[in-house]
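Here's the structure, in structure tokens; my notes come after.
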Amino acid sequence: MDLGLPPPEAYLDHAASTPTRPEVVEAMLPWLTEHFGNPSGSHARARAARRAVDEAREPVAELLGCAPGEVVFTSGGTEADDLAINGVLDAVGGRAVCSAIEHHAVLDPVLHRGGATVAVDAVGVVDLDDLSRQLVNTDEAPVSLVSVMAANNEVGTIQPLDAVAAVVARHAPDAVLHTDAVQAAAWCDLRQLASAAALVSLSGHKIGGPKGVGALAVRPGVAVAARLRGGGQERGRRSGTHNVAGIVGLGVAADLVLTHRDATAARMTSLRDELESVVTSVPGVVATVGRDGAARPSRLPTICHVCVQGVSSEALLFLLDDAGIAASAASSCASGATEASHVLAAMGVTSEQARGSLRFSLGWTSDEVVVERVAAALPDAVARLRLLDVPSRAGER
Ligand code: PLP
């Protein structure tokens with residue numbers, strides 16, 4: 001008997017936010033209830049909270065590949081990026097450049113401060129020749145900060161940060177390299193991938209931790225002016241009473257990533273490959289990274305990004321949502337609407353292809369069931385929309 005219940009959710013939007021690990025919630029709870037002390041105080045309760053914050057610093061530092069004293073806790077990835085970019089520009093002046101496919105948390109502050117973007121190729125890898133050109137451009141103020149993300153949130157491309165650092169060292173030896181590792185942190189060993197970066201950003205809710213907490217690794221000797229001044233927490237680098245429960249949760253999440261990452265990443269890679277083969281078997285659906293036969297770069301094991309010909313992603317997401325499948329298109333903005341993707345445009349994806357862009361992103365709770373659910377729902381949803389879409393597209397011409 002059909003009870004009219006909604007189908008169980010097939011969650012394929014882990015890159016937007018992944019479920020908080022139960023161990024994280026359990027570790028956080030006491031710091032939201034009986035252990036309410038302010039870590040900046042001096043009595044026993046305050047000291048206990050301070051100890052909890054400092055203990056969390058260790059796994060977070062290990063994940064970021066830095067020393068515990070180099071970790072600055074923030075309110076998330078956006079604030080970590082803001083502190084890196086504006087903090088360096090405020091401290092040393094000059095100009096920032098970033099890759100053209102950065103998250104808005106990097107792109108917007110860089111452009112707001114008069115910076116520029118560096119081109120990427122068709123698979124989303126930063127163009128080192130364009131970076132060199134920008135660094136030697138003497139018409140503008142010298143570049144003091146270069147920001148290139150460790151892995152992209154829409155298409156999953158992993159950047160060759162060592163090569164980026166070598167170009168920076170050659171043409172702008174005084175410039176600081178920042179990397180937004182918000183998406184990479186759950187899947188890549190940042191001790192290797194991000195070792196050449198002087199500043200590394202992290203966010204809790206992308207690694208199984210809570211929302212509203214993150215961190216910036218600041219390597220010794222890097223001048224970063226505080227953005228928030230006040231009580232002088234985080235050695236004066238970020239004032240504001242610590243989010244103790246959030247920081248404890250971030251520490252536990254970092255620890256769990258360090259323990260399970262390799263095994264989970266291997267499981268995700270085969271699941272993603274299976275999902276990609278199911279999705280691209282639908283006629284007119286192509287994997288975005290590697291379309292036109294371009295060689296595929298290193299990429300996150302969790303992202304399957306495709307362009308669906310002849311449909312609009314908004315309509316497709318609506319039908320998938322109706323079938324209990326949570327996916328996304330371009331990065332979502334605060335209103336929940338999708339906006340045209342600057343990432344796809346920078347990769348040379350045409351606006352007609354980008355119109356049908358779709359991102360499925362896997363995470364630690366994903367299993368075979370999500371692939372089966374997509375296999376059952378996607379072909380029909382695409383076919384229905386194509387039938388509807390013909391007159392509207394004809395009308396556009
Ligand atoms: N950077 C990247 C690459 C992201 O994917 C996100 C979130 O989607 C952010 C930064 C922002 O992080 P937060 O949501 O913690 O502010």
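The values are calculated or read from the model by the stated rules, or taken from the named source; none is laboratory data. Remember, predicted model here, so these are calculated numbers, not experimental data. Note that we place each Cβ from the backbone using ideal geometry, even for glycine, and neighbour counts take in every protein chain shown.
Checked against (1) away from the ligand (no atom under 15 Å from the Cβ); (2) touching a strand residue (DSSP E or B) at 6+ places or on another chain (Cβ under 6 Å); (3) of a type in the set (Val, Ile, Thr), Val72 passes all but condition (1). With respect to the conditions (1) farther than 17 Å from Asp81 by Cα; (2) within 17 Å of the chain's Cα centre (by Cα), Ala245 falls short on a single one, namely (2). Among the residues of segment 46-65, are any surrounded by 14 or more Cβ atoms within 10 Å (Cβ to Cβ) and assigned to a loop (DSSP other than H, G, I, E, B)? Yes, segment 46-65 contains a residue that is surrounded by 14 or more Cβ atoms within 10 Å (Cβ to Cβ) and assigned to a loop (DSSP other than H, G, I, E, B).
Applying the set (1) surrounded by fewer than 16 Cβ atoms within 10 Å (Cβ to Cβ); (2) assigned by TED's automatic domain parsing to the domain that holds Ala61 to Gly246 leaves exactly one unmet item: (1). In segment 54-63, the count of residues that are assigned by TED's automatic domain parsing to the domain that holds Lys206, at pLDDT 95 or above, more than 16 Å from the ligand (Cβ to nearest atom) and over 16 Å from Val213 (Cα atoms) is one or more. Answer yes or no: is there a residue in segment 109-117 that is in a helix (DSSP H, G or I), buried (at least 20 other Cβ atoms within 10 Å of the Cβ) and in contact with a Cys (Cβ under 6 Å, 6 or more places away or on another chain). Yes, some residue in segment 109-117 is in a helix (DSSP H, G or I), buried (at least 20 other Cβ atoms within 10 Å of the Cβ) and in contact with a Cys (Cβ under 6 Å, 6 or more places away or on another chain).
In segment 138-155, the residues that are at pLDDT below 95 and hydroxyl-bearing (Ser, Thr, Tyr) form no Cβ pair under 9 Å with any partner that is outside any loop (DSSP other than H, G, I, E, B) and within 12 Å of the ligand (Cβ to nearest atom), whether six or more places apart or across chains. Taking the criterion of being within 14 Å of the ligand (Cβ to nearest atom) and of a type in the set (Asp, Glu), would at least one residue in segment 112-134 satisfy it? So far as segment 112-134 goes, no, none of its residues is within 14 Å of the ligand (Cβ to nearest atom) and of a type in the set (Asp, Glu). Count of segment 196-228 residues, restricted to those that are more than 24 Å from Met28 (Cα to Cα) and either outside the structural domain of Asn86 (by TED's automatic domain parsing) or touching a helix residue (DSSP H, G or I) at 6+ places or on another chain (Cβ under 8 Å) (or both), is 13. Restricted to segment 132-156, and to residues there that are surrounded by fewer than 23 Cβ atoms within 10 Å (Cβ to Cβ) and of a type outside the set (S, T, N, Q), the residue that is nearest to Ala166 (Cα to Cα) is Leu135. Being touching a strand residue (DSSP E or B) at 6+ places or on another chain (Cβ under 8 Å) and among the aromatic types (Phe, Trp, Tyr): is that true of Phe36 here? In short, no.
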